[in-house]
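Below you'll find the structure, written out as structure tokens, and then a few comments.
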Amino acid sequence: MAKKSVEARQRKRAKMVEKYAEKRAALKAAGDYAALDLLPKNASPVRLRNRCQLTGRSRGYMRHFGVSRIMFRDMALAGKIPGVTKASW
């Protein structure tokens, strides 16, 4: 489990990215990089990190399912992910 402070920081960044998305797009289209540099650094989408929806883990994230590899395995073995079966040959 990720620390609550890390998850809160991530939510704060996501909210800021959403808030400044339109303004950033307009400044980039205009080529005004000086004004773009004055925006908050956390308003950049590059600062976001993919995290597991269940645990907040940032490493081993599976984009298609939105969870980490560990949670994916637990859910798959429990039969909570439709169409996913353990390989056997």
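Condition (residue is in contact with a Phe, Trp or Tyr (Cβ under 6 Å, 6 or more places away or on another chain), surrounded by 14 or more Cβ atoms within 10 Å (Cβ to Cβ), farther than 30 Å from Leu27 by Cα and not β-branched (Val, Ile, Thr)) applied to the range 72-84: is it met by at least one residue? Among the residues of the range 72-84, at least one is in contact with a Phe, Trp or Tyr (Cβ under 6 Å, 6 or more places away or on another chain), surrounded by 14 or more Cβ atoms within 10 Å (Cβ to Cβ), farther than 30 Å from Leu27 by Cα and not β-branched (Val, Ile, Thr), which makes the answer yes. The residues listed here are Ser68, Ser58, Ser44; of these, the one that is assigned by TED's automatic domain parsing to the domain that holds Ser5 and surrounded by 14 or more Cβ atoms within 10 Å (Cβ to Cβ) is Ser44.
Pairing each residue of the range 17-38 that is touching a residue at least 40 places away in the same chain (Cβ under 8 Å) with any residue that is of a type outside the set (Phe, Trp, Tyr) and surrounded by fewer than 12 Cβ atoms within 10 Å (Cβ to Cβ), provided the two are 6+ apart or on different chains, yields no C-beta distance under 6 Å. Residues in the range 20-41 that are of a type in the set (Lys, Arg), surrounded by 12 or more Cβ atoms within 10 Å (Cβ to Cβ) and under 29 Å from Arg59 (Cα atoms): Arg24 alone.
Here is a yes/no grid of residues against (1) touching a Pro at 6+ places or on another chain (Cβ under 6 Å); (2) in a helix (DSSP H, G or I); (3) at pLDDT 95 or above:
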{"residue": "Ser5", "(1), (2), (3)": "no, yes, no"}
{"residue": "Ala26", "(1), (2), (3)": "no, yes, yes"}
{"residue": "Leu54", "(1), (2), (3)": "no, no, no"}
{"residue": "Arg57", "(1), (2), (3)": "no, no, no"}
{"residue": "Leu77", "(1), (2), (3)": "no, yes, no"}
{"residue": "Pro82", "(1), (2), (3)": "no, no, no"}
{"residue": "Lys86", "(1), (2), (3)": "no, no, no"}
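The values are calculated or read from the model by the stated rules, or taken from the named source; none is laboratory data. This is a predicted model, so every value here is computed, not measured. Ideal geometry is used to build each Cβ from the backbone, glycine not excepted, and the neighbour counts take in all protein chains shown.
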